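Colleague: After the structure tokens below, expect a handful of questions from me.
FYI, it's all coordinate maths here, none of it is from the lab. Since we're looking at a predicted model, the values are computed, not measured. FYI the Cβ positions are ideal-geometry reconstructions off the backbone, even for glycines, and counts take in every protein chain you see.
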Amino acid sequence: MVSFTDKKGVVLSKTSGTVVPLAHTVLGASAFLLALLIGCYAHYYKIVTNGVAGYPDEWFPSVSATTGDWYPERNICQILIALASGPRLILCYLWYLLIIRNVPTKGSTGLAKVLLANDVIRTVACGGWVYVTSTDDHGIHDLAMIVYLLCTVPHVLGTIITAPQNPHAQKYRRIFAYTFFGALIPMVYFFIRHNVYRIPGAYTHYAFFEWSLIISDLAFDAVCMIDFETLEFRVVDLGAHGHYDPTMAFGDLKTFGGGAKVSSILSQLTPADALSYAADVYLGFIFWSMMTALPLMIWYFPLWHMGLSGYEAFLFCDVTVAILGVSSVRKTIDRFKGLFHLLSLIGVLSYKILDPAYRLMAVAVGVSLSLMTWGTTLFGQRHQNGRAERGAMTLALGLVLHNVVKQAWWANNPIWPIMNETNGGRNLLGLILGILTCIQLVARKEPYAREPRTIESTRKGENWILAAVGAGGYLFCLHSMYTEAATISRWSLSGYPHTGPHPVPGGFMVIMAMAAGLVLSSRRQLVTSTFWFTIGTVGLTILHLVEGDVGFFGGMVYTVFVLSLFPTLFRALSRQPPGRTFLVAMLVYNFLALAHVWVVAYAFVPGGAIMRERTDLVLMAMQVCLFAGVYNNAKASEWIRSTLAFETRKRSAFSLSRLYAKLGLGVLVLASLLTCLRRIPTSAPRPHHPEHKLITAGIWTIHFAIDNDMYNSEVRMRDAIRDLELDVVGLLESDLQRMIMGNRDLTQFLAEDLNMYADYGPGPTKHTWGCTMLSKFPIKQSTHHLLPSPKGELACAIHATLDVYGQEIDVIVSHNGQEEDLLDRQLQTTELGRIMRESNNPFLFLGYVVTKPGKGEEIYELLMDGGRMHDIEVSDWDRWCQYLAFRGVKRTGYARISHGGITDTEIQVGKYQLLEDADRTARRTRGEHRRLDLEEFKRQASYEKIDEEQVPKGLRYPSMFYGEGVRSHRFHVFDRPYYYA
């Protein structure tokens with residue numbers, strides 16, 4: 001080692017700063033790579049085996065199995081991780097110094113300290129899941145992993161924001177950030193398939209994405225080698241000069257430029273402005289909450305009238321936005337925006353109004369006021385680039401927040417007027433936050449109010465009709481497809497086992513795609529191009545035509561496309577004359593909304609046959625509207641760019657707005673991830689009485705989870721299903737993924753809260769009212785049927801095979817047509833009979849079939865005799881639409897339970913036991929299936945009843961339903977259950 005002197009003393013050694021990230025990368029990569037190689041060599045079959053399957057179904061090990069279970073790979077990994085911790089902590093400190101040097105402002109110092117603390121916590125959490133393996137303590141291991149992932153979000157975002165503006169380094173950082181967060185989505189998806197649905201081979205797919213996280217994580221930090229090229233470590237003997245100035249330690253530090261821009265932006269990140277931005281986002285959330293509540297509440301009235309009710313006219317309350325064409329009205333609203341937002345909160349307060357009609361009227365007033373206020377806001381910001389961007393993006397983030405909140409409340413919005421304190425609503429909290437937000441809006445100093453006029457009025461190159469048509473179609477698209485994160489996964493739904501992504505993690509994947517689209521929205525030239533529109537159209541086509549994972553992937557592509565248009569189309573709308581433009585936009589939206597309803601409600605509306613099952617036409621019309629908006633912007637894009645002179649895109653107001661938007665999206669995506677992690681089931685479903693090999697099955701028509709008083713009924717439904725101890729239940733009229741049902745999803749809440757497997761049934765694009773099956777038993781496979789319906793409403797059915805105590809049992813849940821269409825009912829019941837007749841498994845029927853019971857009734861005989869099924873109780877003559885039937889199992893009980901005001905239809909419940917037939921079991925084991933012989937079939941048809949005292953306690957119905965019952969649910973018709981010998 002050669003020493004030399006400088007002005008500070010004798011330099012004993014010097015080393016390039018790149019050695020720190022290099023050492024961290026080499027040691028970290030070696031820890032995992034060596035563990036993988038040694039583990040595969042020494043314990044391959046052990047580390048690929050998990051609680052579900054082993055080799056050959058599982059053939060690639062996960063990170064935790066590789067590094068946490070066996071000697072010596074575990075110990076080698078831990079030693080190398082310990083060695084890597086030193087460079088890791090030094091790297092964190094150097095980045096802290098680099099931020100202060102590159103952005104020397106008071107605000108940046110605080111940000112640097114926050115990032116340093118976050119990175120230290122992240123490093124400790126890494127040690128937590130490396131040194132405390134899942135074998136040692138599964139809870140601590142998972143907690144450390146969750147903390148590590150949570151800290152990764154601010155680490156990645158903060159590093160990208162504060163990094164020296166070297167395009168080469170930033171390019172690689174973004175690539176590795178996208179691959180890291182992108183891998184989380186399929187990783188969670190395959191983990192659920194492994195842990196919840198216990199599918200062999202799923203853990204191997206999970207392992208690939210888990211290893212990709214390690215690679216992306218290390219590569220992201222390795223990019224620091226580029227930034228640290230200007231840093232140098234020196235060991236200096238200070239005794240040579242006897243003094244040392246610590247402020248000179250980094251006097252020669254150089255950056256790659258761009259520091260002034262970053263400093264300018266970060267210096268404006270003030271708590272007051274951040275609070276104002278959050279308040280605007282919440283006002284956007286209020287807007288989307290009321291906008292989505294309006295058609296949901298309108299639907300209540302035709303639902304109970306079984307046809308048009310007159311209340312549908314409230315859909316057109318939005319045309320009041322045309323009043324913005326009056327300058328004095330517009331100026332008044334603009335001057336008192338806070339007051340008008342406050343008045344619009346009547347839509348939130350309306351949950352206290354008990355009368356459904358008056359509650360609807362209050363919501364209509366709220367929607368009208370909110371639309372006018374937001375329209376005025378967007379129009380008033382049209383000349384200032386930063387303010388206009390802020391207005392559009394806060395409304396967009398309000399939409400994402402609406403999705404995240406609904407995800408946390410199982411597809412319900414807690415401030416909807418159909419919610420209250422009894423069913424999970426947080427209306428009062430939402431109202432208080434809304435009032436505080438309005439007060440803040442009144443009191444605040446308008447952000448960027450003095451921003452110079454950067455955009456002229458755009459009469460050149462743009463057309464107000466095209467802008468209106470584009471915005472109207474776009475608003476419909478957002479409302480119908482992107483006000484609930486699970487809608488896309490339900491559109492692409494297929495039967496078991498290849499269903500496509502479930503709402504968890506499918507909803508998180510959609511929110512990620514929404515965030516990606518909004519980030520991409522700043523590239524206006526791309527998003528208004530024909531190429532981009534073609535990509536989006538292809539994605540929509542795949543979503544509509546293909547089921548399962550492929551269809552969902554098409555939906556993800558379309559999601560990115562749609563959200564990337566948000567600022568462009570809404571800002572184009574605001575540049576036009578407000579009265580006529582907003583009026584035409586809302587009329588286009590209303591027309592598409594009605595068509596969206598007509599495709600499924602054709603049997604109850606005038607001229608409905610024209611739109612029967614024509615979702616394809618609605619989607620085509622929607623895309624034509626979007627094309628009009630995109631074409632309008634593309635046509636004017638050259639003129640707009642020359643007006644902006646391009647430099648205005650880099651003004652602090654615009655850049656600060658985009659920075660707030662990205663930070664807000666990061667927070668919302670993180671909240672979505674936490675929600676999904678919270679909702680992942682922790683245990684597999686278990687039947688209520690396995691000691692008796694009992695199957696308790698029921699059928700219930702639930703009227704779209706809106707009770708008789710127009711409140712959400714999911715909590716009360718859950719309580720009834722739980723107290724009745726149902727192992728299998730069919731729910732009819734359960735497809736809520738439409739505008740008129742609020743894009744809700746009762747299946748999510750019931751399945752997760754009751755810990756049951758769920759089959760949603762034919763998805764929203766199949767034009768039925770929906771049928772859902774919940775089961776405590778694993779669903780081995782299922783098929784979704786659209787039963788023959790040449791004239792009336794389309795009938796749906798789920799035919800599923802369940803693993804019931806190790807034996808295959810088939811179940812059908814069906815919803816047949818109405819009394820008016822005899823031919824439909826004949827064809828539908830004939831098809832159900834064929835499905836049941838051709839199955840070799842024991843069978844349960846849970847369905848809605850409009851007929852009177854008994855011999856001589858054609859539909860009844862087509863079902864029972866045609867399907868070789870037994871009616872659960874032939875003497876029960878007081879039935880009309882709901883029926884239970886069985887074959888190949890022993891029926892032990894039957895009961896009818898009142899609906900309790902949740903709907904107008906009762907619950908019917910049957911209890912069954914597996915037949916103890918060793919001969920049949922042996923034949924099934926050998927694969928020799930046979931149909932039930934006639935003697936055995938007749939033996940099952942015995943209707944000999946016994947007293948409840950003769951029935952073991954585990955086979956009885958809960959006593960709480962006797963007499964007055966509980967929550968208005970009680971045994972009725974024959975006021976007690978029937979039990980059978």
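Colleague: Using a cut-off of 12 Å between beta-carbons, work out the net charge of the residues near Arg970 (Lys and Arg +1, Asp and Glu -1, Arg970 not included).
Modeller: That sum, taken over residues with Cβ under 12 Å, equals -1.
Colleague: Moving to a separate point now. Arranged from highest to lowest average of other beta-carbon atoms within 10 Å per residue, in what order do the peptides 795-803, 19-27, 52-60 appear?
Modeller: Packing proxy ranking, top to bottom: 795-803, 19-27, 52-60.
Colleague: Based on Cβ point charges of +1 for Lys and Arg and -1 for Asp and Glu, what charge dipole magnitude is obtained for region 271-679 about its Cα centre, in debye rounded to the nearest 20?
Modeller: Dipole size: approximately 1240 debye.
Colleague: Hey, which aspartates and glutamates would be in cross-link range of Lys855, C-alpha to C-alpha under 19 Å, not counting anything within fewer than 8 residues on its own chain?
Modeller: Reachable aspartates and glutamates: Glu819, Asp865, Asp871, Glu873, Asp876, Asp878.
Colleague: Of Tyr760, Gly854, Val889, which is farthest along the charge dipole of region 741-898 in the positive direction, counting Lys and Arg as +1 and Asp and Glu as -1 at C-beta?
Modeller: Val889
Colleague: Name the residue farthest towards the positive end of the dipole of the chain from the options Thr135, Trp299, Ala671, assuming +1 on Cβ of Lys and Arg, -1 on Cβ of Asp and Glu, about the Cα centre.
Modeller: Ala671
Colleague: If you average 1/r over all unlike Cα pairs in region 690-980 and invert the result, what Kirkwood radius do you get in angstrom?
Modeller: 19.2
Colleague: Checking the table Lys352/Lys662; Lys693/Lys945; Lys791/Lys852; Lys406/Lys766 against a 27 Å threshold on Cα-Cα, which pairs fail?
Modeller: Lys352/Lys662
Colleague: Additional query: When you count, for each residue, the other Cβ atoms within 10 Å and take the mean per peptide, how do 337-346, 466-475 rank with the highest first?
Modeller: Peptide ranking by packing, descending: 466-475, 337-346.
Colleague: For a bin width of 10 Å, list the pair-distance distribution of the chain built from all Cα-Cα distances, rounded to whole %.
Modeller: Reading the bins upward from 0: 2, 10, 18, 21, 19, 15, 9, 4, 2, 1, 0, 0.
Colleague: Let me ask something else. Contact order normalised by length for the chain, with contacts defined as Cα pairs under 8 Å and 6 or more residues apart; what percent is it?
Modeller: Value for the chain: 9 percent.
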